[in-house]
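What follows is calculated from the coordinates using simple rules that are stated; it is not laboratory data. Not measured: the values here are computed from a predicted model. Quick reminder, even Gly has a Cβ in these numbers, built from the backbone with ideal geometry, and neighbours come from all protein chains shown.
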Amino acid sequence: MTDGRYTTESAFRQSSDVVFRDVGGETILLDSRRGTYFALNEVGAAAWQLIDGGVRLQEVCAGLVERYEVTSETAWTDLVELVEELERHGLVEIATA
Amino acid sequence: MGSFAVAPDGATIRYRSSLDASPAVVEEALSGPVLVFALALRGFFSLHASAVALRDAGDRLIAFVGPSGAGKSTLAAVLAARGPWVRVSDDVLPAGLTEEPSPVALTEFPQPKLAATARPAASLPESLPLAAVCVLRPPTGEVRLAPMPVPEAALTLIRHTLGTRLFGPDLLRRHLDSCADLAVAVPVVRLSYPWTSEGARCVSDALRERFGAPS
């Protein structure tokens, strides 16, 4: 699958400036360089955890499908939206092999 | 004005004077951003909040946060005008979990906005347990106290912390942890009430019932 700039082979890692903290079932990300905050719901937080370490989006998507019993189309759409948002704010970086 | 240097543990503040330093400006900086920063290094993050102490079986503090014009100072003053509340803060309330698991807030932050006569009695201890943080909402026909979900509570505490633009990455991390822990340990509630004297009495009753010492 492809979606705009992303393909199932795209891989990301968490930016080293970002720290995150689990808070009452959600996750708050802090960009410690810019001093900005982002809140992720449970599914977003699961994707965030899966994304790290240069894992391909295909595998992240599969992880979400397995965990939340959604179709892979739904998981992919949500994942792309999330990654776009995270990348736009510099919270993830494209991982080069 | 000169320059301030705060030790990494926040225990000492050194001031290097300059020729044009005005004592009033230096004092304002010292009792404002410099002190807020030093306290943050000591684990006390300063909420932009007014606060009252409930003096009954067990003294405790209730903080009020909200945008300008939400009535933070007014509510603290109105509550203090009738017992058993004592006005503790008009603007700045350093709070932290330095004595886990009970969150506390400091009662003695210099408050330029409070006239000397309105300052809390010296009988208050240096710190008191923080029983609740109320986020003030626009007035309603009756008193409403609605608990906030923990993640939203944590973001609210983050948003209402003073001086964060002075924090480096490490202090921002500690601030996030502190707000996340506080949001779990302290109820953060939305408070709305009628802006009438009857409304203030109902707020007093509601806060005592919800957060006062068990009778």
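Observations, loosely collected:
- Acute angle (nearest 10 degrees) that the helix B:72-81 long axis makes with the longest principal axis of chain B, alpha-carbon atoms: 60
- Within a Gaussian network of chain B (alpha carbon springs, distance under 10 Å), most fluctuating of B:Val88, B:Val65, B:Val143: B:Val143
- Summing charges over neighbours of A:Tyr37, with a neighbour being any other residue whose Cβ is under 9 Å away from its Cβ, gives 0 when K and R count +1 and D and E count -1.
- Applying the Karplus relation 6.51 cos²θ - 1.76 cosθ + 1.60 with θ = phi - 60° to region A:63-76 yields 3J(HN,Hα) values of x, 5, 4, 5, 6, 10, 6, 10, 6, 5, 5, 5, 4, 5 Hz, where x marks Gly and Pro.
- A P(r) calculated from all alpha carbon pairs of region B:131-205, with 10 Å bins opening at zero, reads 19, 39, 27, 13, 2 percent.
- Top of A:Val65, A:Val83, A:Val23 by mean-square fluctuation, Gaussian network on chain A, Cα under 10 Å: A:Val23
- Neighbouring partner chain Cβ atoms per residue of B:154-161, average, 10 Å criterion: 2
- Near A:Asp22: Cβ cut-off under 12 Å, other residues only, Lys/Arg at +1 and Asp/Glu at -1. The net charge is -3.
- Where the Cα pairs of the protein assembly as shown fall when distances are cut into 10 Å bins, in %: 6, 23, 27, 20, 15, 8, 2, 0
- Computed from Cα atoms, the angle from the helix A:42-51 axis to the main principal axis of chain A rounds to 80 degrees.
- Over all other residues within a Cβ to Cβ distance under 12 Å of B:Ala206, the charged ones net out to +1, with Lys and Arg as +1 and Asp and Glu as -1.
- Cα-centre dipole for chain A with unit charges at Cβ (Lys and Arg positive, Asp and Glu negative), debye to 20: 360
- Helix B:169-185 axis, angle to chain B major axis (alpha carbon atoms, nearest 10°): 20
- A viscosity of 1.567 mPa s and a temperature of 4 °C, combined with the Kirkwood radius over C-alpha pairs in the Stokes-Einstein formula, give chain B a diffusion coefficient of 73 µm²/s.
- D_trans [Stokes-Einstein, Kirkwood Rh over alpha-carbon pairs] for region B:3-94, 4 °C, 1.567 mPa s, µm² s⁻¹: 86
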